[in-house]
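Single-structure report; data block below.
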Amino acid sequence: MRLSKSFIPTLKEVPAEAVIPSHILMIRSGLVRQLSAGIYTWLPLGYKVIRKIMDIIREEMNAIGGQEFHYPALNPKEIWEQTGRVEAFGDILFHIKNREYVLAPTHEEIVAYHAKGAVVSYKDMPQIWYQIQTKFRNEPRPRSGVIRGRQFIMKDAYTLDRSFEDLDKAYDLHDKAYRKIFDRCGLKYFVVGASSGAMGGSKSEEFMVKSDAGEDTVAYCEKCGYAANVEVAQSVSTNAKRHNESKPPYEISTPNVKSIDELCEFLKIDEHETAKSRVYVHDGVPVLVLMLGNDEVNESKLGSVLGGNVRSCHPDELKEISGADAGSIGPIGFKYRIIADNLLKDANNLYSGANKNDYHIGGIDLQRDVPGTEYFDLRTVESGEKCTRCNSTLEVFKAIELGHIFKLGTKYSEALGVMYLDEHGKEHPIVMGSYGIGVERIFACYLEQNYDDKGIIWKKPLSPFDIQLIGLNMKNATVTEASEKIYNDLQKQGYEVLFDDRTDVSAGFKFNDADLLGMPVQVIAGEKNLKDGKVEVKLRATNEKQIVELSNLNVKLKELI
RNA sequence: CGGGGUGUAGCGCAGCCCGGUUAGCGCGCUUCGUUCGGGACGAAGAGGUCGGGAGUUCGAAUCUCCCCACCCCGACCA
């Protein structure tokens, strides 16, 4: 493609609305333009990359027996009501104003609808149905460029099986296919076991990429591959001690001592001798949560332990509940339910609040003094703690979810009555699986992982072009003739070439544009080298440059690409 | 939805606090000339409902009120 005739609006300056590297690069290199919050137009160069990603996904989905569909984005609301998901999605679901339609945020219902009455025998299964299509979600806050949009491209696949055993097989096929897809795209990713939430299924895995732009926080062990959302992650941590001798509880005057740090400083004790108190309200009833030292309560873990409705207590409620303000609350004399983190199990000689302002109590033996205490894992894993599997060091960081695979089970088939007959003529609901990949997220994650201060660094699989051919000074006849010939030759060799044939742009400008756009190889045709029958070949990734005989160019490129 | 910020030429910004000619600057764009291997130079140009509405005032980009859009943090996130 000729740059002089292409719409590739590169920008020298950083657009105000872009903050994260991938978003900045997409806009600066003319790949994408924003239309509205969370809604983007893919420009030709960007769409070329999108198509390459989609092709890789297609090849790998077809390889496991997937059949490509194209489901409608516009769906009758009625079907969504039958599965209760109009309510479940709430404001996230886009509603059409002048007809009873919704814009599909995913397609379980539609797959089940078409399977009904059509996939009727155990002989009709297994099936893998997938599509690559635009999805709509009314995100309350779109952000991070294309990473969280209101309209986005998703590959979604659905499996239909007769049994949970067969679903396991379909799930494993997708697990393997996903790894191939992300490997081929050149991404560094990891896999997290996750809870499947409102999708309504059992087992699920998330494929994730480490990134500050991510929306999830995960704990990851490089050594053994343990990865978990911090909402559920666990680590090896040291329990509070149980000393041979339990001191009797005694009150200590601690004027103006509120935090654990202050308490340790005031009493010259170690954090591990203290229990921090947090009060929550669970379905209207106060609960005291005790944590060892300065450990933070993990509210997701707390939520799943307690169930129901949990909120942290307002400061002005504390006095009435406990008799003291924050900083002086503790288990002794607390009149409601008390739960504690596992690390505090049966600890003694602890210091904690006295439920009386400016007083703490020492010599607390949880076994003896607070016998009703229930113990759970309630703490949040932090970077540097040890992995529960291999005892190596865990790292906690933000990550972007690229793909998610679920074992759905029979939720949708039962809701919509999608049944088949087994070999004994007995009726069963079809067992479904659901598997998504965010196409733009692959794009954004690739950029997050492959750029430098000059711009994008493409590798062959996703690069919109293999080669950027730069004709320097296209007003010079030698350069024009030679570069036109090279352009034709390279294309005949089967390379995708972006030819910078602009006549009105200086050399430096072309070099910088080429580095910004980031094709893996640059072929630079200038008067200086052409007069010796040579061109310069530059590798974008390493900035390695070599002068190559024109006659040897094809051989050289074969080595490089 | 809570908190913070921004909105002035295609892009990036100044001007606003303290109202007063014809609203500026850089980049980009057009024309001509020069230059031609690391974001060239000169000259001449085009381009603006100052986000929208209402108000205060002799006079509003500037002050007041309402609304909208976009960005960031949080909540939310099958």
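The values are calculated or read from the model by the stated rules, or taken from the named source; none is laboratory data. Every value quoted in this text rests on a predicted model; they were computed, and no experiment measured them. Cβ atoms come from the backbone with ideal geometry, glycine included; neighbour counts cover every protein chain shown. Accessible surface areas use protein heavy atoms only, side chains included; no ligands, DNA or RNA. Shrake-Rupley method; radii C 1.70, N 1.55, O 1.52, S 1.80 Å.
Counting only protein heavy atoms and a 1.4 Å probe, tell me what percentage of region A:1-98's accessible area is made up of carbon and sulfur. Before the final figure, lay out the partial values.
Working: 2830 of 5200 Å².
Carbon and sulfur: 54 percent of the exposed surface of region A:1-98.
Farthest toward the dipole's positive end in chain A, which of A:Thr480, A:Ser463, A:Val146, given Cβ charges of +1 (Lys, Arg) and -1 (Asp, Glu) about the Cα centre?
So the residue furthest toward the plus end is A:Thr480.
At a 4.7 angstrom Cβ threshold, list every cysteine in chain A that has nobody to pair with, or say none.
Those would be A:Cys185, A:Cys264, A:Cys313, A:Cys445, since no other cysteine Cβ in chain A comes under 4.7 Å of theirs.
Give me a comma-separated list of calculated 3J(HN,Hα) values for region A:480-491, in order, Karplus coefficients 6.51, -1.76, 1.60 applied at θ = phi - 60°, integers in Hz, x for any Gly or Pro.
4, 4, 5, 5, 4, 5, 4, 4, 5, 4, 4, 5
Per residue, how much accessible surface does chain A expose to a 1.4 Å probe? Answer in Å², no decimals.
46
Report, to the nearest whole %, how much of the accessible area of region A:113-222 belongs to carbon and sulfur atoms, 1.4 Å probe, protein only.
On the way: 2290 of 4760 Å².
Ligands and nucleic acids excluded, carbon and sulfur give 48 percent.
Beyond a 22 Å Cα-Cα separation, which of these cross-linked pairs lie in this structure: A:Lys188/A:Lys398; A:Lys48/A:Lys155; A:Lys454/A:Lys531; A:Lys534/A:Lys556?
Working: A:Lys188/A:Lys398 14 Å; A:Lys48/A:Lys155 17 Å; A:Lys454/A:Lys531 29 Å; A:Lys534/A:Lys556 12 Å.
From A:Lys188/A:Lys398; A:Lys48/A:Lys155; A:Lys454/A:Lys531; A:Lys534/A:Lys556, over 22 Å: A:Lys454/A:Lys531.
Which aspartates and glutamates have a Cα lying under 12 Å from the Cα of A:Lys335, excluding residues fewer than 8 positions away in the same chain?
A:Glu320
For region A:250-376, what proportion of DSSP beta bridges, expressed in % and rounded to the nearest 5, is antiparallel?
Details: 18 of 26 bridges.
Of those bridges, close to 70 percent are antiparallel.
For chain A, place one equal point scatterer on every Cα, skip the solvent, and apply the Debye formula. What is log10 of I(q)/I(0) at q = 0.06, 0.08, 0.09 Å⁻¹?
Taken in order of the listed q values, log10 I(q)/I(0) reads -0.45, -0.74, -0.86.
For A:Lys223, which aspartates and glutamates qualify as cross-link partners when the Cα separation must be under 13 Å and same-chain residues fewer than eight apart are set aside?
Correct list for A:Lys223: A:Glu395.
Give the distance, in whole Å, between the Cα centre of region A:401-426 and the Cα centre of region A:43-121.
Cα centroid to Cα centroid, the span is 16 Å.
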